[in-house]
Amino acid sequence: MTFPLLTPLTGEALRGAGVPAPFRLGQADRVRFRELDVLDHVNNAVYLSWFETFRIDYFRHFQIGDYTTPGARPVFVLKGVSVDYRAPLYLEDVYVVAGRVRAYRRTSFTMEYGVWRDGRLCATSEAVICLMEADFTTKKPLPESTLEVFRADGANGPG
């Protein structure tokens, strides 16, 4: 199956790529030469860039903040991230990155990600992200509109 690259994938397109529910948003792309390491597979650090790119696309797709007006975007700070590498990806492989919010608290949330190639899960990741005030030191409560998006992902909240 072929997928449009760098375009949001939802529903049937995700399931066709082997991405299971409850993931409801993903994006396909192709491995580029610059992403390879000396072993000719995707460098471990590249996955973090893929997850960050997806995260911003997720925010934009679900209208979490204004990403067009300078100074208006929310200040999300990555607190921690882990990656589990399961299978290598190689030059020209078409892959799908999908993600969702798994849990949230008052000022932070946990996103989980996966990378699939031909229906096979190749990597997983989990990131804890905090919403901060513009001073980058004071935590800010997540707005209700953002929590609604997270709940639609099936995220568990406090309590």
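Proximity of backbone amide H atoms, modeled 1.01 Å from N, is registered between residue 107 and 142 at under 5 Å, excluding neighbours fewer than 5 places apart on the same chain. Counting only alpha carbon atoms, the long axis of helix 44-61 and the longest principal axis of the chain meet at about 50°. Max-minus-min Cα coordinates of the chain on each principal axis give 43, 34, 32 Å, with the largest extent listed first.
Using DSSP to call loops (not H, G, I, E or B), can you name the trypsin sites (Lys or Arg not before Pro) in region 1-68 whose Cβ has at most 14 other Cβ atoms within 10 angstrom?
32
The string of couplings for region 125-141 from the Karplus curve (6.51, -1.76, 1.60, θ = phi - 60°) is 8, 9, 9, 9, 10, 10, 8, 10, 5, 4, 7, 6, 10, 9, 5, 10, x Hz, one whole number per residue in order, with x for Gly and Pro. What are the chymotrypsin sites (Phe, Trp or Tyr not before Pro) within region 100-159 that DSSP puts in a loop, where the Cβ has at most 12 other Cβ atoms within 10 Å? Qualifying residues, ordered by number: 136. Over region 100-159, the Kirkwood radius and the radius of gyration, each from Cα atoms, give a ratio Rg/Rh of 1.08.
Read-outs throughout are calculated quantities, based only on the coordinates presented, and are distinct from any laboratory measurement. Quantities reported herein were computed from a predicted structural model and do not represent experimental measurements. Don't worry about glycine lacking a Cβ; one is built from the backbone with ideal geometry, like all the others, and counts go over all protein chains shown.
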